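Beneath this line is the structure, given in structure tokens, with notes to follow.
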Amino acid sequence: MPSTRDPAAYRLYIEARKIWRSKIAWQFTREEATLILTDVKKAADLGDWGARALMAHFYLHGLGALESNHVLDANPEKSVEITRMAAKAMQPWGLYDLGVAYEHGYGGAHYDLDLAWAYYLRAAQLGSPEAQMALAQAYSDAGRLGDEETMLQCAYEQRHGPAAYKLAMRERTHNEYGKAIQIYQQGLKYGSKDCAAALKLLFMRGHWPNPLDEEVKILQKFSIARDTERENRYNAIYDALGINPDLKLSRLDQVLPLPPAKLPPWSGVEDAVEPESYDKPTY
């Protein structure tokens with residue numbers, strides 16, 4: 001995407017997105033859903049690529065889960081039209097989403113697996129973490145585990161939460177529990193609900209379910225023990241991410257550090273979230 005964006009269009013988009021991420025889909029009123037759609041569309045028309053990507057999402061899935069708040073019917077053709085525009089501009093997310101359309105054959109993109117994988121590969125080369133994750137899975141299925149890890153690392157270094165979760169799971173299978181915990185913590189900073197769940201379970205009992213004796217002993221070396229307060233904080237973050245998966249918890253270590261650090265006071269999940277900045281917004 002362009003390195004900078006129009007501040008007015010960005011503010012319009014981000015405020016609408018905040019409302020969209022503030023509730024579960026069925027909780028919105030028709031007025032709220034209408035405001036979200038109107039402002040995101042305005043920002044998209046003003047050229048904000050974040051807003052355009054969100055409009056593509058709305059066109060693909062519709063907006064408004066109930067009859068009482070339904071304001072937009074799904075229109076895959078319009079979704080793919082925006083995606084093609086982004087792909088033409090060589091934006092990684094557009095190339096990836098167009099690959100998805102060809103893989104599943106919707107929105108005027110005919111079913112074509114070869115073309116889908118061509119788009120995934122180009123998107124991955126240009127930095128799409130979602131495309132890199134798709135390639136990682138393909139390499140895993142083919143038994144190319146080194147290439148799988150390379151793709152996971154590429155996505156992880158771009159602050160992609162799902163990649164962190166996968167890498168942490170790999171470390172656990174290799175009995176590298178200390179590394180796994182650190183990666184889970186990083187993945188949670190990047191907004192991974194799965195990482196929050198893994199850490200919540202860890203502190204619920206002081207180990208993960210059905211542990212081996214060796215695992216318990218190793219975890220004790222890292223000062224891991226049953227900790228109700230840590231469990232509750234991770235659970236609160238897990239619930240918050242269920243409503244708003246956009247949360248980036250860059251202040252996590254300040255309010256929920258890993259042992260042996262002591263827990264400081266906190267007033268809620270918002271203490272871990274980096275405040276939104278409107279100063280020279282970038283992509």
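Results, tabulated for the structure shown:
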| item | result |
| --- | --- |
| Sequence-separation-based contact order of the chain, relative, with Cα cut under 8 Å and 6+ spacing, percent | 14 percent |
| Inverse mean reciprocal Cα-Cα distance (Kirkwood Rh) of region 159-283, Å | 14.8 Å |
| Anisotropy class of region 176-244 from Cα gyration tensor, a/c 1.5 cut | prolate |
| Cα-based reach from Lys42 at 19 Å (exclusive), listing aspartates and glutamates while leaving out same-chain residues under 8 positions away | Asp6, Glu15, Glu31, Glu32, Asp73, Glu81 |
| Counted charge near Val71, where neighbours are those whose Cβ lies closer than 14 Å (Asp, Glu -1; Lys, Arg +1) | -3 |
| For region 247-254, 3J(HN,Hα) per residue [Karplus equation, 6.51 cos²θ - 1.76 cosθ + 1.60, θ = phi - 60°, Hz, x = Gly/Pro] | 4, 10, 9, 5, 9, 4, 5, 6 |
| Per-residue Cβ neighbour rank within 10 angstrom, fewest leading, Tyr156, Tyr238 | Tyr238, Tyr156 |
| For Leu72, distant residues with modelled amide H under 5 Å away | Leu63 |
| When each of Lys78/Lys166; Lys179/Lys248; Lys41/Lys78; Lys18/Lys280; Lys221/Lys262; Lys78/Lys193 is checked by Cα-Cα distance, pairs over 24 Å | Lys78/Lys166; Lys78/Lys193 |
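Taken together, the values in this text are just the output of simple stated rules run on the coordinates, not laboratory data. Please read all numbers here as calculations on a predicted model, not as lab measurements. Neighbour counts run over all protein chains shown; Cβ positions are idealised from the backbone, glycine included.
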